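The values are calculated or read from the model by the stated rules, or taken from the named source; none is laboratory data. Values in this document were obtained by computation on a predicted structure and should not be read as measured data. Positions of Cβ are generated from backbone atoms using ideal geometry, with glycine treated the same way; all protein chains shown enter the neighbour counts.
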Amino acid sequence: MDKITQNRINLLHPSVRKEMETIINECNAVLTGRSQVRVAQGLRTFAEQDALYAQRPKVTNSKGGQSIHNYGFAVDIVLIIDGTIASWDTHKDWDGDKISDWDECVKIFAKHGWNWGGNWASFKDMPHFDKIGFNNWRTLINKPKDAQGYVII
């Protein structure tokens, strides 16, 4: 796991950090070729979310507070090819095992109870994964927060 990914995992909600480390390590272990997984986005502030919401073309349907990223229960991933090239190609089989590297990761996330944005009926978000059971911002927005600002679950 690269340092960027580790730093982003360290900002996720404390209850999912170890699990995310496990998921990323499992993904990287099955990707025996040229690709490795990087967490491209994890925790976002409400202000960062609002800035994304304002972008055109549209990149999100969620305002600040309405994204699971705002609570540290979601990540967006990217495949890093040969240590330098970012790829969001969901079909490429970089390790030659006849399964797309992206699909290999989707299966690992699902095994650990994470929802994939590629399964959404509308506005598919291929890089996005969120923790099932904590993927409803309406139940999180009014929860009390701990001293570090994370919702208490």
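Count of segment 67-89 residues, restricted to those that are among the β-branched types (Val, Ile, Thr) and surrounded by fewer than 16 Cβ atoms within 10 Å (Cβ to Cβ), is 2. Looking at segment 27-34, can you tell me whether even one residue there is within 20 Å of residue 105 (Cβ to Cβ), at pLDDT 95 or above and in contact with a Pro (Cβ under 8 Å, 6 or more places away or on another chain)? Scanning segment 27-34 turns up no residue that is within 20 Å of residue 105 (Cβ to Cβ), at pLDDT 95 or above and in contact with a Pro (Cβ under 8 Å, 6 or more places away or on another chain). For segment 7-18, give me each residue that is surrounded by fewer than 16 Cβ atoms within 10 Å (Cβ to Cβ), in contact (Cβ under 8 Å) with a residue 12 or more places away in the chain and in a helix (DSSP H, G or I). The answer is 14, 15.
Does residue 115 satisfy the criteria of being modelled with pLDDT of 95 or more and in contact with a Phe, Trp or Tyr (Cβ under 9 Å, 6 or more places away or on another chain)? Against the criterion (modelled with pLDDT of 95 or more and in contact with a Phe, Trp or Tyr (Cβ under 9 Å, 6 or more places away or on another chain)), residue 115 qualifies. Out of curiosity, is residue 121 surrounded by fewer than 16 Cβ atoms within 10 Å (Cβ to Cβ) and more than 24 Å from residue 51 (Cβ to Cβ)? In short, yes. Can you find even one residue in segment 27-44 that is touching a residue at least 60 places away in the same chain (Cβ under 8 Å), buried (at least 16 other Cβ atoms within 10 Å of the Cβ), over 25 Å from residue 149 (Cα atoms) and of a type in the set (S, T, N, Q)? So far as segment 27-44 goes, yes, one or more of its residues are touching a residue at least 60 places away in the same chain (Cβ under 8 Å), buried (at least 16 other Cβ atoms within 10 Å of the Cβ), over 25 Å from residue 149 (Cα atoms) and of a type in the set (S, T, N, Q).
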